[in-house]
Structures are given as C-alpha cells and as structure tokens.
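The values are calculated or read from the model by the stated rules, or taken from the named source; none is laboratory data. Just so we're clear, the structure is a prediction, and the values are computed from it rather than from any experiment. Don't worry about glycine lacking a Cβ; one is built from the backbone with ideal geometry, like all the others, and counts go over all protein chains shown. These area figures cover heavy atoms from the full protein model, side chains too; ligands, DNA and RNA do not enter into them. Shrake-Rupley method; radii C 1.70, N 1.55, O 1.52, S 1.80 Å.
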Amino acid sequence: MSNLFEESLEVRADLYAAARRIRRDCKLGSGKDGTVFQTSAATAIKVFRHTETFNRERECYARLAEMSVRSVLGHAVPQMMDSDEALLVIEMTIVEPPFILDFASAYVDYPPEFSDDVMEDWRQQKHFQFGDNWGHVQILLDVLENTYGIYFLDPSPGNIKFDETTSEP
C-alpha cells in the first residue's frame, strides 16, 4: 500500500480529531479495512479505506448499542462514541482482553452468500488459527448471529482476544 494512501488516513484522523478538540496519538493497529489511532480523549478512532466497510461497522456498533451490549460471553465490545460519514471515521472506546472487535466485514440481519466448500475451508482455517479456543469462538459467533443478527466474518486472534491468563473464560 502506498505511503500517500496511508498519509491520507492520518490526515482524515487529524481532521476528525481537530473538529472534536482532541488529538490523534499513537497508531494502535492497521489492517485491510483501515487504521486505528488512540486519541488524547482515551478513545480510539478508526479511519476506514472504503465506505462499505465503514457503513458495515457503524451499523454493527449501532445495533449493539440499541441492545445495550457491552460484552458478549465475557468479551468486551467497544462502544461507538461518534462517527463521521464524510471522513469515514468511527470513534469508540478502548477495550482490554478478553474482547471482540472489528466489525467491518460483518453483515447485519443477513448472512453473506458463500458456497458450502468455501465455508468449510474458512472453518478449517479459523480452527487452525484459534486452536483450542475455536469451540469458544464458534459459540461467540453463534451468539452474535442468533441474538444480535450480526454475521461476524473476520474472527482472527487479533479481533477476538482471550484473557491472557487463561485460554477460555
């Protein structure tokens, strides 16, 4: 990815922060959907690369807020504090493990259409990534889907963290 494109994410983060009289601080992470920065207000701002993923994540956080969800099976969920559609920025609380975050690839109220073969390959890959925690991750995904209508497609060890001292709650 070009440095120029990454710089535009930082510029949008700075514009968002300035409008709210806060400061963009250190980078917390970066991925295919965007970059996350800590702010001087002890929040995180995620700057998205694409409108579609911004809308998906904002819709998920709005759904979870409507239902007063702060955690799922003991995994903290960030709370959306604010968003800016023009800048493609979501501001949220910062959470500590165990947590579940990054809803940019999630769907609300309907599952994506993938073949059975694709889904089986996906399950095998995720089982490998999570090892002994895969069973718990599957339960988390079922709760998100069946209780909140959120089809979470990006479970990864970076997006679903367990307590450092134990493998499962």
Å² of accessible area per residue within the range 16-63, as computed with a 1.4 Å probe and no ligands counted | 47
Interchain or long-range residues, amide H under 5 Å from residue 82's placed H | 91
A 1.4 Å probe over the protein heavy atoms gives the chain a carbon and sulfur accessible-area percentage of 50
Return the single residue from 115, 105, 83 with maximal mean-square fluctuation; model: Gaussian network over the chain, springs between Cα atoms under 10 Å.
-> 115
Determine the principal axes of the Cα atoms in the chain, then give the extent along each, sorted from largest to smallest and rounded to whole angstroms.
-> 44, 34, 30
Under unit Cβ charges (Lys, Arg +1; Asp, Glu -1), what dipole magnitude, rounded to 20 debye, does the range 102-141 have relative to its Cα centre?
-> 180
What number, in percent, do you get for the relative contact order of the chain if the mean sequence gap of Cα pairs under 8 Å and at least 6 apart is divided by its residue count?
-> 19
Quick one: if you take sqrt(5λ) for each eigenvalue of the C-alpha gyration tensor of the range 54-153, what semi-axes come out, biggest first, whole angstrom?
-> 24, 17, 12
Tell me, what HN-Hα J-couplings in whole Hz come from the Karplus equation 6.51 cos²θ - 1.76 cosθ + 1.60 at θ = phi - 60° for each residue of the range 75-92, using x for Gly and Pro?
-> 9, 4, 10, x, 9, 6, 8, 6, 7, 9, 5, 5, 8, 6, 10, 10, 9, 8
Estimated inter-spin distance, residue 11 and residue 32, nm [label 7 Å along Cα→Cβ] | 2.6
Bins of 5 Å, starting at 0 and running to the largest distance - Cα pair percent for the range 111-169 | 4, 17, 26, 27, 18, 5, 2, 0
Long-range HN-HN contacts of residue 41 with modeled amide H, under 5 Å = 23
